[in-house]
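This report refers to the structure that appears directly beneath it.
The values are calculated or read from the model by the stated rules, or taken from the named source; none is laboratory data. What you see is a predicted model; the values in this text were computed from it and never measured. Every residue, glycine among them, receives a Cβ derived from its backbone with ideal geometry; neighbour counts consider all protein chains shown.
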Amino acid sequence: MTNAYHLHNIKVSLKKKEILSIDDLAIKANQCTALFGGNGAGKSTLLRLLAFTHQASQGEVLLFNETVSWPLKAKHRKRIAFVEQQPFLLEGTVYDNIKLGLSLQQVQTSQHKTLIEHALEQTHTAHLSKQNTQTLSGGELKRVAIARALAYQPDILLLDEPFSHLDYDHIDLLAQHLQSFCQQTGKTVVLSTHDHLQGMALSQQTINLRAGKVSPPLVDNIFNGRLEGQNFFTDKLCIHTTSKLPQAQHIAIDPRQIIISNEPLQSSMQNNFSGRIIFITEQSTTVRLVIDCDERFHVIISLESISTLQLQPGNQVYVSFKASAVSVF
């Protein structure tokens, strides 16, 4: 699969403080990639780097396998649209703001009306076309900014917290559109989100950032503690690993590699814990569970498994996983 981006030896510093450090990272084209991480993890900085609105202190960024220089040339910039977490619109109507965006991208005037109407329809903002941007709510502002980005039909859409300020119905509509944007048109979406469930449901690739660095590509089951030999101790559990990484302070466990059973399993898996199901939610073709085993484990299983095991909130179950399923960092 083609890479939309490939980053090598990237360093980004601000006021002499390093805020992003990435040795090697490939972001696949023609699919959705979700960025996860807490506040200050580097998600917005990475998106600005991918949008070429921020320059790295060192390193190289390839765009569709082509080395590009900063500032970005017009032919490359036209391929990328970026919507910031707090987007800015000029005073005037929604229609005029989108039209100005098309003019700045040197799109032929004869195409403006069709492109604007299509973008407004995609984001369910056609009724706001003649409204002044200064009167928009936070959610309306976000949707119009996305419409402005979509209007010139970029190859890459970068979104910083696109679901913030949106109500449930509009989150669902936007999620559906982003999926079709990738699947039906072969475009690329990279988005940051604090909503792990939504991000996992949407994306084919996930990138987890921690203190400006890429941690194992897992968004759940990250525990802090200490490694002694090959045993990792959280505050409440001892988890077996295959690692001898010195001074390791974190582990991550892929939620897809955890086995759920109603009875203790007779197997070679070294990690076995009993717990209680406290949350179940269906997402696309899978089901996500949260199980309290003193530490909380997130688990992803099939719809068939949930039916076969007859799992319900409150059920006592057993969690099992191999030592090799534990990433240590």
Q) So is Gly314 in a strand (DSSP E or B) and either loosely packed, with under 13 Cβ neighbours inside 10 Å or free of Cβ contacts under 8 Å to residues at least 60 places away in the same chain (or both) or not? A) no
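For (1) of a type in the set (Gly, Ala, Ser); (2) at pLDDT 95 or above, each residue gets a yes or a no:
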residue: Lys73; (1), (2): no, no
residue: Gln86; (1), (2): no, no
residue: Val94; (1), (2): no, yes
residue: Ile98; (1), (2): no, yes
residue: Gln108; (1), (2): no, no
residue: Ala119; (1), (2): yes, no
residue: Leu136; (1), (2): no, no
residue: Leu141; (1), (2): no, no
Q: Return the pairs, sorted by first residue and then second, in which the second residue is surrounded by 15 or more Cβ atoms within 10 Å (Cβ to Cβ) and among the hydroxyl-bearing types (Ser, Thr, Tyr), the first residue lies in region 122-149 and is under 19 Å from Pro162 (Cα atoms), the beta carbons are less than 6 Å apart, and the residues are 6+ apart or on different chains.
A: Arg143/Thr123; Arg143/Thr125; Val144/Thr125; Ile146/Thr123; Ala147/Thr123; Ala147/Thr125
Q) Looking at this structure, is Leu136 touching a helix residue (DSSP H, G or I) at 6+ places or on another chain (Cβ under 6 Å) and in the same structural domain as Ala29 (by TED's automatic domain parsing)? A) no
(Q) Under 8 Å between Cβ atoms, which residue pairs at least 6 apart in sequence (or on different chains) link something in region 210-226 that is farther than 13 Å from Leu237 by Cα with a partner that is at pLDDT below 85 and among the aromatic types (Phe, Trp, Tyr)? (A) Ser215/Phe329; Pro216/Phe329
Q) Only one residue in Val107, Val144 is outside any loop (DSSP other than H, G, I, E, B) and more than 19 Å from Gln184 (Cα to Cα), so which one is that? A) Val144
Q) Across region 121-134, what is the total count of residues that are at pLDDT 90 or above, closer than 15 Å to Leu174 by Cα and part of a helix (DSSP H, G or I)? A) 2
**Q.** Sole exception among (1) of a type outside the set (Val, Ile, Thr); (2) in contact with a helix residue (DSSP H, G or I) (Cβ under 8 Å, 6 or more places away or on another chain); (3) surrounded by fewer than 16 Cβ atoms within 10 Å (Cβ to Cβ) for Leu128, by number
**A.** (3)
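How many residues are in contact (Cβ under 8 Å) with a residue 60 or more places away in the chain and closer than 23 Å to Phe223 by Cβ if we restrict to region 284-299?
4
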Q. Considering only strands (runs of 3 or more DSSP E) fully contained in region 219-276, which possess at least 3 residues that are more than 22 Å from Pro313 (Cα to Cα)?
A. 222-224, 226-228, 231-233, 238-240, 250-253
Q. Within region 147-174, restricting attention to residues that are in contact with a strand residue (DSSP E or B) (Cβ under 8 Å, 6 or more places away or on another chain) and in a loop (DSSP other than H, G, I, E, B), which residue is farthest from Asn39 (Cα to Cα)?
A. Tyr152
(Q) among the polar types (S, T, N, Q), under 20 Å from Leu237 (Cβ atoms) and part of a loop (DSSP other than H, G, I, E, B): is that true of Ser327 in this structure? (A) no
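Rundown of residues vs (1) in the same structural domain as His194 (by TED's automatic domain parsing); (2) farther than 26 Å from Pro154 by Cα; (3) touching a residue at least 24 places away in the same chain (Cβ under 8 Å), yes/no style:
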| position | (1), (2), (3) |
| --- | --- |
| Lys15 | yes, yes, no |
| Glu18 | yes, yes, yes |
| Ser21 | yes, yes, yes |
| Ala26 | yes, no, no |
| Ala29 | yes, no, yes |
| Cys32 | yes, no, yes |
| Asn39 | yes, yes, no |
| Gly42 | yes, no, yes |
| Leu46 | yes, no, yes |
(Q) Show the residue pairs meeting these rules: Cβ distance below 9 Å; 6+ apart or different chains; first residue within region 239-267 and farther than 30 Å from Leu303 by Cα and modelled with pLDDT under 95; second residue small (Gly, Ala, Ser) and in a loop (DSSP other than H, G, I, E, B). (A) Lys244/Gly229; Ala248/Gly225; Gln249/Gly225; His250/Gly225
(Q) Condition first: touching a helix residue (DSSP H, G or I) at 6+ places or on another chain (Cβ under 7 Å) and assigned to a helix (DSSP H, G or I). Now tell me which residues in region 79-104 satisfy that. (A) Val94, Tyr95, Asn97, Ile98, Lys99, Gly101, Leu102
Q) Counting only residues that are crowded, with 16+ Cβ neighbours inside 10 Å and touching a Gly at 6+ places or on another chain (Cβ under 6 Å), how many does region 9-48 have? A) 8
